[in-house]
Amino acid sequence: MSPRAAWRLEAIGNAPVYDYAGGKADWLAAGLPSVTASDRPARVADVMDRSVPRCSPGERVTDVAARLDLGGDGICVVVNDGDVVLGRLRLDRIDPAGTGAVEDVMEPGPVTGRADAPLVETIQRMKDRRAASLIISTPDGVLLGVLRRAAHDD
């Protein structure tokens, strides 16, 4: 919205109002809520799991392994202090009793998807690549969640 429109909304009692210059596509890619027609195709943001386990690069592998649900998918997304995705830690590919740091055994720079991507197409790409999960981030790399293919296999 223009700064003039933002000022007018504030003047009539709608505060605070922000001038968001990123545009609709950026807004949707960040996984932010929107109002759309009910017949639109599902997007990744509609079904992604936002409660994904996080860990930091300096944590010890044993500490991360101890707090992860070993019955789950055993994945922890490695993020920095700003929640930017740095890597992925897969418990099935490491020694959970290892005393080293996460950054020494993580998979750096994992592939990520966008929240505004069409769900059907994204699931198909995951099937084609035999990917069980896909990390979802904003265009700036900030973690939003994980899309798990098993929940959408037919």
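The values are calculated or read from the model by the stated rules, or taken from the named source; none is laboratory data. Bear in mind the structure is a predicted one, so any value in this text is a computation, not a measurement. With ideal geometry, Cβ positions are generated from the backbone for all residues, glycine too; neighbour counts draw on all protein chains shown.
So which of A66, A25 ends up being at pLDDT below 80 and either over 19 Å from the mean Cα position of the chain (by Cα) or not polar (S, T, N, Q) (or both)? Walk me through how you get there before you give the answer.
Numbers: A66 fails: at pLDDT below 80.
Going through A66, A25 in turn, the sole match is A25.
Picking from R50, R93, R114, which residue would you name as being among the basic types (K, R), modelled with pLDDT of 90 or more and either surrounded by fewer than 19 Cβ atoms within 10 Å (Cβ to Cβ) or over 18 Å from L147 (Cβ atoms) (or both)?
After ruling out the rest, the residue left standing is R50.
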Within the set of pairs 6+ apart or on separate chains, which have a first residue in the stretch 82-93 that is closer than 16 Å to V111 by Cβ, a second that is assigned to a strand (DSSP E or B) and polar (S, T, N, Q), and C-beta atoms under 7 Å apart? V85/T112; V85/S137
Which residue pairs have Cβ atoms closer than 6 Å, lie 6 or more positions apart in sequence or on different chains, and pair a first residue in the stretch 106-119 that is assigned by TED's automatic domain parsing to the domain that holds L86 and assigned to a loop (DSSP other than H, G, I, E, B) with a second residue that is among the β-branched types (V, I, T) and surrounded by 17 or more Cβ atoms within 10 Å (Cβ to Cβ)? M106/V78; P110/I135; A115/V44; A115/I136; A117/V44
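Residue by residue, here is whether (1) charged (D, E, K, R); (2) out of contact with any Asp or Glu (no Cβ under 9 Å at 6 or more places or on another chain); (3) at positive phi; (4) crowded, with 20+ Cβ neighbours inside 10 Å holds:
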position	(1), (2), (3), (4)
D83	yes, yes, yes, no
T99	no, yes, no, no
P110	no, yes, no, no
L147	no, no, no, yes
Sort out which residues of the stretch 41-94 are touching a Leu at 6+ places or on another chain (Cβ under 8 Å) and either outside the structural domain of A132 (by TED's automatic domain parsing) or in a loop (DSSP other than H, G, I, E, B) (or both), and write them in order of number. P41, A42, M48, R50, V52, P53, P57, L68, L70, G74, N80, D83
